[in-house]
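What follows is a short report on a single structure.
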Amino acid sequence: MSEKPRPHARTRLVHAGTRRSGWGEMSEALFLTQGFAYPDAESAERRFAGEEDGFIYARFGNPTVTMFEERMAALEGAEDAFATASGMAAVQAALMAELAAGGRVVAARALFGSTRHILGQILPRYGVTVDLVDGADTAAWEAALSRPADIVLFESMANPTLELVDIDAVVPLAKAAGARVIVDNVFATPLHLRPLEHGADLVIYSATKHVDGHGRVLGGVILGARELIRGPIETWMRHTGAAISPFNAWLLLKSLESFVLRVEAATASAEAAARRLSGHPALLRCLYPTLPDFPQAGLAGRLLSGGGTMLTLDVKGGREAAFRFLNSLEIFTISNNLGDAKSIATHPASTTHRRLPPEEKDRLGITEGMVRLSFGLEDAEDLIADLEAGLAALG
Ligand SMILES: *Cc1c(COP(=O)(O)O)cnc(C)c1O
């Protein structure tokens, strides 16, 4: 008898995690319940003692949330997953679950603003040392990890420069330093990079982005080995309360059914736009990981199976030109989310990254002319025409 091959991602994302109730519903049910009834007192006692499977309280378990977690784990190829109220709740729990005073975190300096706040402002208050390195500089990682560390944290593809961290170089250095590796993989998406396959211990997502994919709800997820997820992560989440709402988990669960189709389509549009706009006279740079002139083109070719849904343009003429370009766009909406069905344009220097001092912006390569584009599900030709008209208006 021939063995059936393991189902592909698109198949897994339609079916994985489904738990039908006695009604036999086709569409996964939304279990909008905080608590669960026990058949008898002995059963309640056994569940609290961990001797019987079953739900107890929605802060740490709910059937709809479990379906979402299992489907996310199937997408990532992870043993287990824990869903959280937002992406930041996932970042926070992954960091805090095992850290203690005297601990040390080594992180890439190009980080989501709130993650940087946790590392820069909050953790030091609790006696944790944080060292930031330039993520693309392997020698800097090597120097920082020549001393013991507890956690290594980085975004696999940085916002907004799309700069990559060489995960295959950093993981062995982290392991040698005794650190767990946590990767925020939002920009690369699980379609194009799966950090666990490269030796990372935990992967985190803001499910607010491509997983929801329609700009509706906040959510997050932490993925990794079962002993970590059902050990320190679950313990932290159970007692600290950043639980995802079952309603949000239900939306995210159903969105996963179209995840591959959506991210593939948006990636194809971003890549087509990058190829068309590369070398445009109004641009200083057109940053997209699969372009031949991407600063880390070799690394991108080795790590990524696709360039992702984000494209960053650096227009000539600084902030004034960038604002004129943004204001001329008719299909791209000026906003700061990403991974939405609607295409979005952002000026990082004046919004998401405005708090960074000028020298830090320079260090991260964030310029006044930079415009970050998140590609949605509109027709690629319409999106490219919108961008070309905006650039033409710059003269
Ligand atoms: C959005 C985002 C977060 C935070 O997620 P929320 O769902 O907004 O809390 C963390 N990391 C990255 C890379 C993000 O893009």
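The values are calculated or read from the model by the stated rules, or taken from the named source; none is laboratory data. These numbers come from a predicted model, not from an experiment. In this analysis, Cβ positions are derived from the backbone assuming ideal geometry, glycine residues included, and neighbour counts consider all displayed protein chains. We work out accessible area using only protein heavy atoms, side chains counted, and drop any ligands, DNA or RNA first. Shrake-Rupley method; radii C 1.70, N 1.55, O 1.52, S 1.80 Å.
Some values worked out for this structure:
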{"item": "MRE, 222 nm, helices only [DSSP H, n ≥ 4, -39500 (n - 2.57), over the chain, to nearest 500]", "result": "-10000 deg cm²/dmol"}
{"item": "Highest-MSF residue in the chain out of 84, 351, 309 [GNM, Cα springs under 10 Å]", "result": "351"}
{"item": "Of all accessible heavy-atom area on the range 259-392, the percent that carbon and sulfur account for (1.4 Å)", "result": "53 percent"}
{"item": "Simple spin-label estimate for residue 382 and residue 254 in nanometres, 7 Å along Cα-Cβ", "result": "2.3 nm"}
{"item": "Fully extended contour minus Cα-Cα distance, from residue 354 to residue 276, at 0.36 nm per residue", "result": "25.1 nm"}
{"item": "For residue 103, distant residues with modelled amide H under 5 Å away", "result": "129"}
{"item": "Cα-projected label distance for residue 335 with residue 197, points at 7 Å along beta-carbon direction, nm", "result": "3.1 nm"}
{"item": "Surface accessible to a 1.4 Å probe, per residue, for the residues of the chain, Å²", "result": "43 Å²"}
{"item": "0 to 90° range, to nearest 10: angle between helix 318-328 axis and the chain longest Cα axis", "result": "70 degrees"}
{"item": "Solvent-accessible surface (1.4 angstrom probe) belonging to residue 98, in square angstrom, nearest 10", "result": "100 Å²"}
{"item": "Inter-site label distance for residue 168 and residue 25 at 7 Å from Cα along Cβ, in nm", "result": "4.5 nm"}
{"item": "Net lengthening on full extension, residue 137/residue 125 (0.36 nm per residue, minus Cα-Cα)", "result": "1.5 nm"}
{"item": "Accessible surface of the range 183-234, 1.4 Å probe, proportion on carbon and sulfur as whole %", "result": "49 percent"}
{"item": "Amide H contacts of residue 155 (H built 1.01 Å from N, under 5 Å, at least 5 apart or other chain)", "result": "108, 184"}
{"item": "For the range 275-284, Karplus couplings with θ = phi - 60° (6.51, -1.76, 1.60), whole Hz, Gly/Pro x", "result": "5, 5, 8, 4, x, 4, x, 7, 10, 7"}
{"item": "Rounded to the nearest 20 debye, dipole of the chain from Cβ charges on Lys, Arg, Asp, Glu", "result": "420 debye"}
{"item": "Gain on full stretching of the segment that runs from residue 392 to residue 230 - 0.36 nm per residue minus C-alpha separation", "result": "52.9 nm"}
{"item": "Nearest-20 debye value, the range 259-392 charge dipole, Cβ charges on Lys, Arg, Asp, Glu", "result": "420 debye"}
